[in-house]
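Okay, so here's the structure we're looking at.
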Amino acid sequence: MAGSPSTEPEHVPVLADRVTALLAPALDGPGAVLVDATLGRAGHARALLEACPGLLLIGVDADLPAHPELHVVKVRRGTDSITHGPAMSRREAEQAIDAGRDDGREQRHAPGGRGGPRSAGVR
């Protein structure tokens, strides 16, 4: 049913507090950007976004769930297996970073500033 609360338990990473304590001091200032190349279920990312409201987060993952605060920018579908070489080419990594930076610039200039959707580079 639309609007019903999820019956799936929320993902809570065991190191979220420690990761936040270590990274938040460097990410709490104006213009802070974080590239999370292992976004997964976004537990660490959510904790950092909560601790650092002005943070621009660029997340990289294969399958991101729909979320109203997430703006997906696709460079290409998925990444390659690191058992056979790089997960993505340098050019693809640069495209993902550029896409996130461009999206962040758009959000900064949008009404309400940086409170808009977050970016995801590779999906």
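Quick note: the coordinates plus some simple rules give every number you see, no bench work behind them. Keep in mind the model is a prediction, meaning the values are calculated, not measured. All Cβ positions, even for glycine, are placed from backbone atoms using ideal geometry, and neighbour counts span all protein chains on display.
Which length gain, in nm to one decimal place, applies between S89 and L22 when the Cα-Cα distance is subtracted from 0.36 nm times their residue separation?
Residue separation times 0.36 nm, minus the Cα-Cα distance, leaves 21.2 nm.
How would you rank 25-33, 43-51, highest first, on the average number of other Cβ atoms within 10 Å across their residues?
Highest to lowest by the protection proxy: 43-51, 25-33.
How many nm separate the modelled label positions at E50 and E106, each set 7 Å beyond the Cα in the direction of the Cβ?
Spacing of the two 7 Å Cα→Cβ label points: 2.8 nm.
Check D36: other-chain or 5+ apart residues with amide H under 5 Å from its amide H, H built from backbone geometry?
I58, G59, V60
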